[in-house]
1. Hey, which of the strands (runs of 3 or more DSSP E) in region 4-84, taking only ones fully inside, have at least 3 residues that are under 19 Å from the mean Cα position of the chain (by Cα) and modelled with pLDDT under 95?
2. State all residues of region 25-50 that are open to solvent by 80 Å² or more (accessible area, probe 1.4 Å) and free of Cβ contacts under 8 Å to residues at least 12 places away in the same chain; if no residue qualifies, say none.
3. If you scan region 85-117, which residues turn out to be outside any helix (DSSP H, G or I) and open to solvent by less than 70 Å² (accessible area, probe 1.4 Å)?
4. What number of residues within region 131-148 are surrounded by 13 or more Cβ atoms within 10 Å (Cβ to Cβ) and either over 22 Å from Q115 (Cβ atoms) or touching a Leu at 6+ places or on another chain (Cβ under 8 Å) (or both)?
5. Please work out if A151 is over 25 Å from S51 (Cα atoms), open to solvent by 60 Å² or more (accessible area, probe 1.4 Å), without any contact (Cβ under 8 Å) to a residue 12 or more places away in the chain and of a type in the set (G, A, S).
Amino acid sequence: MAAVRTTPLSATELERYHRDGYLFPIPVLNDGEVAELRMAIDDHLAGRLTSAKFELTDPILVRRVDGPEGTELFEYEEGTPNEPHTFAFLFNLWKSDRRFAKAGMHPVIAGIARQLLGAERILLMEDNAVVKAPHSGTLPWHQDYSYWPLAEPAAVTVWIALDDIGPDNGAMQVAPGTHT
């Protein structure tokens, strides 16, 4: 079992994050926690638990709707494809699965996010589990910030690999400095 991080980020790590736009690896979950999340994903994909499932490569249609007191909300259109076939995308599991809620509220992850954002309090906006099938190709380059409903950069994406990853099996790549 790899040692997990329990300490705050150092000044050097914070400087590197603000310069490069990312930090890794930072192991924060132990083997048991990783196994628990893998089991949770299996439960959702197999239909033993109900959750929102989408295919990440299919278009997702969204519509604007009037919310309370003149606010604007967004909803998924009926008929949006949702059966995973290449890149299963499980959405907001923390709302219905205590295993994902525990990971989403993990004190070390939350502490690191607070440090990176320079904030006393943070909000878990959503979680996503992306399951990449073997030999399924690549996801295109993107910046996560464009997916957040925020007027200014004030979010941190935490990517947690639940499998051993490397260049041969689809490891995430990052382009340093593109956050600016």
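1. Of the strands (runs of 3 or more DSSP E) lying wholly inside region 4-84, those with at least 3 residues that are under 19 Å from the mean Cα position of the chain (by Cα) and modelled with pLDDT under 95 span 52-55.
2. Passing the criteria: P25, D42, R48.
3. Those that are outside any helix (DSSP H, G or I) and open to solvent by less than 70 Å² (accessible area, probe 1.4 Å): T86, F87, A88, F89, L90, F91, N92, D97, H106.
4. Residues meeting the conditions: 5.
5. Judged against the criteria, A151 is a match.
The values are calculated or read from the model by the stated rules, or taken from the named source; none is laboratory data. What you are looking at is a predicted structure, and each value in this text was computed from that prediction instead of being measured. Positions of Cβ are backbone-derived with ideal geometry, glycine not excepted, and every protein chain shown enters the neighbour counts. Surface accessibility is based on the protein's heavy atoms, side chains included, excluding ligands, DNA and RNA. Shrake-Rupley method; radii C 1.70, N 1.55, O 1.52, S 1.80 Å.
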